């Protein structure tokens, strides 16, 4: 995460936005009124998808169950015929 103030952000807006897009960096811009966060559209969409999936209790439980499954119990991709 990169922290900057509004004055520096104004001077280098293109560079900061490019940094967010190219390097998936999160830019925290501080102002007298509070802070704002700049992130790439891809990162934003990923966060929204995660929130959406987490909001469905059944999907969330399936994800948690998958995380708890030991690796040796997972299906070997070479054994799956598509």
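Quick note: the coordinates plus some simple rules give every number you see, no bench work behind them. What you are looking at is a predicted structure, and each value in this text was computed from that prediction instead of being measured. Don't worry about glycine lacking a Cβ; one is built from the backbone with ideal geometry, like all the others, and counts go over all protein chains shown.
Table for the structure above
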item	result
Candidates 54, 40 - the one that is more than 21 Å from residue 12 (Cα to Cα), surrounded by 11 or more Cβ atoms within 10 Å (Cβ to Cβ) and either without any contact (Cβ under 8 Å) to a residue 40 or more places away in the chain or in contact with a strand residue (DSSP E or B) (Cβ under 6 Å, 6 or more places away or on another chain) (or both)	54
Number of positions in the stretch 19-37 that are out of contact with any helix residue (DSSP H, G or I) (no Cβ under 8 Å at 6 or more places or on another chain), surrounded by 12 or more Cβ atoms within 10 Å (Cβ to Cβ) and in a loop (DSSP other than H, G, I, E, B)	0
